[in-house]
Amino acid sequence: MDAMKTVMTIGDCIIDAVEQTDGTFKTYAGGAGLNLAVGLARFGLDSALLSRVGADRPGFRLRRYLSERNVRLIDTPSVDFTGSALSRRINGEPSYVFSADLRRRRYIVGPEAQSVLDRAAAVAVNSYPFENAAHVADLAAKLGAATGLVFIDPNPRPDLIAEMEPVREGIAAVAGKADLLKLSEEDAVLIFGTAGREAVSTLFSWGVDTIVLTQGRRGATLFARGGPMIKVPASTGDVPIVDTMGAGDATFASLIASCLERGLPRDEEEWGDCLDRAMRTAAATCRHEGGELVLPWDEPDRLPAGSSALLHGLEPGT
């Protein structure tokens with residue numbers, strides 16, 4: 001893969017505080033944007049992240065974490081503290097409560113971000129404040145003018161949504177800009193009330209041509225306008241699942257990396273290979289704590305030398 005290909009990710013960069021069985025917390029670098037940007041860098045891409053972090057200790061830790069993983073942070077000016085998410089596991093699945101700072105999240109494509117976007121091979125949106133119509137209009141204009149591929153994962157956060165209709169309208173305004181739109185079954189139900197054909201038909205009506213619907217332990221299905229439906233099972237192995245945090249972001253990163261490495265798949269076989277690698281990447285990530293992507297061929301050497309995925313000593317919301 002050409003290591004000089006640039007991808008600009010737009011999305012959250014926060015602290016994930018995960019409750020343990022004894023009531024204590026482990027804190028991780030997290031957020032949909034951060035997880036995706038780090039995953040893309042691990043695939044050998046030049047990775048930039050447009051996000052927002054505070055001028056505080058958690059923000060410093062996140063900047064260092066990204067720097068250690070060769071991700072360039074383009075920080076949107078803000079007077080807020082760094083956002084955080086309090087996470088609990090129910091049957092291994094995460095549920096989140098977000099800090100008030102995330103309710104004011106805004107990701108502005110200023111001059112620095114625009115210069116990256118102008119030369120980027122791809123731009124990826126992974127969670128966004130779609131309820132803000134003016135902000136969405138700006139995003140739609142930027143994506144419409146982008147010269148590279150466009151990838152979108154709406155990745156809505158229920159705890160951050162007061163009303164679903166503005167969010168749905170915001171997604172509809174940008175969905176047609178995507179070369180590929182990824183969506184989980186849970187998110188489809190949240191947005192459309194169903195993860196069935198009705199959701200896919202609505203996305204097609206919004207101008208989306210290619211949809212990847214992730215289905216947890218049942219794998220993923222690709223829907224292409226006028227093309228075949230391709231289903232790939234989840235990857236299995238002897239190592240048990242430890243944590244599903246970051247599985248969707250790992251899937252998304254793998255899909256983007258495959259499309260930039262080989263070009264957008266042209267037939268059923270190429271899409272099958274693309275989805276299969278994404279499932280193997282998600283499975284490898286789920287066999288480790290935290291949301292940081294793990295390459296399926298590189299599990300024993302997961303982290304850069306001398307670094308740690310854990311950010312010890314940070315309390316939720318600090």
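The values are calculated or read from the model by the stated rules, or taken from the named source; none is laboratory data. Keep in mind that this is a model prediction, so the values were computed, not measured. Quick reminder, even Gly has a Cβ in these numbers, built from the backbone with ideal geometry, and neighbours come from all protein chains shown.
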Within the stretch 35-65, the residues that are aliphatic (A, V, I, L, M) and either under 28 Å from residue 262 (Cβ atoms) or in contact (Cβ under 8 Å) with a residue 40 or more places away in the chain (or both) are 36, 37, 38, 40, 41, 45, 48, 49, 50, 53, 62
Of 125, 116, 150, the only residue that is closer than 30 Å to residue 283 by Cβ, of a type in the set (Val, Ile, Thr) and either in contact with a Ser or Thr (Cβ under 9 Å, 6 or more places away or on another chain) or in contact (Cβ under 8 Å) with a residue 60 or more places away in the chain (or both) is 125
Original post:
If you go through the stretch 185-199 one residue at a time, do you hit one that is under 21 Å from residue 36 (Cβ atoms) and assigned to a strand (DSSP E or B)?
Top reply: no
Of the listed residues (52, 72), the one being surrounded by fewer than 19 Cβ atoms within 10 Å (Cβ to Cβ) and under 17 Å from residue 124 (Cα atoms) is 72
Within the stretch 196-214, of all residues that are touching a residue at least 24 places away in the same chain (Cβ under 8 Å) and more than 18 Å from residue 256 (Cα to Cα), the one surrounded by the most Cβ atoms within 10 Å (Cβ to Cβ) is 203
Requested in this report: Within the stretch 124-146, identify whether any single residue is surrounded by 18 or more Cβ atoms within 10 Å (Cβ to Cβ), of a type in the set (Gly, Ala, Ser), in contact with a Gly (Cβ under 6 Å, 6 or more places away or on another chain) and closer than 26 Å to residue 261 by Cβ, and answer yes or no.
Outcome: yes
Of the residues in the stretch 3-16, those that are farther than 18 Å from residue 288 by Cβ and of a type outside the set (Lys, Arg) come to 3, 4, 6, 7, 8, 9, 10, 11, 12, 13, 14, 15
Within the stretch 168-195, the residues that are surrounded by fewer than 18 Cβ atoms within 10 Å (Cβ to Cβ) and more than 17 Å from residue 157 (Cα to Cα) are 173, 179
Sole miss for residue 108 among (1) more than 19 Å from the chain's Cα centre (by Cα); (2) surrounded by 13 or more Cβ atoms within 10 Å (Cβ to Cβ); (3) part of a loop (DSSP other than H, G, I, E, B) is condition (1)
ask   = Are any of the residues in the stretch 308-317 under 18 Å from residue 37 (Cα atoms), touching a helix residue (DSSP H, G or I) at 6+ places or on another chain (Cβ under 9 Å) and either at pLDDT 80 or above or among the aromatic types (Phe, Trp, Tyr) (or both)?
value = no
Condition set among the charged types (D, E, K, R) and either in a strand (DSSP E or B) or modelled with pLDDT of 95 or more (or both), scope the stretch 139-184, selection farthest from the chain's Cα centre (by Cα): answer is 165
Any chance the stretch 81-100 includes a residue that's in a helix (DSSP H, G or I), at pLDDT below 95, in contact with a helix residue (DSSP H, G or I) (Cβ under 9 Å, 6 or more places away or on another chain) and closer than 30 Å to residue 64 by Cα? no
Any hit, the stretch 202-212, residues being closer than 30 Å to residue 18 by Cβ, touching a helix residue (DSSP H, G or I) at 6+ places or on another chain (Cβ under 6 Å) and either modelled with pLDDT of 90 or more or in a strand (DSSP E or B) (or both): no
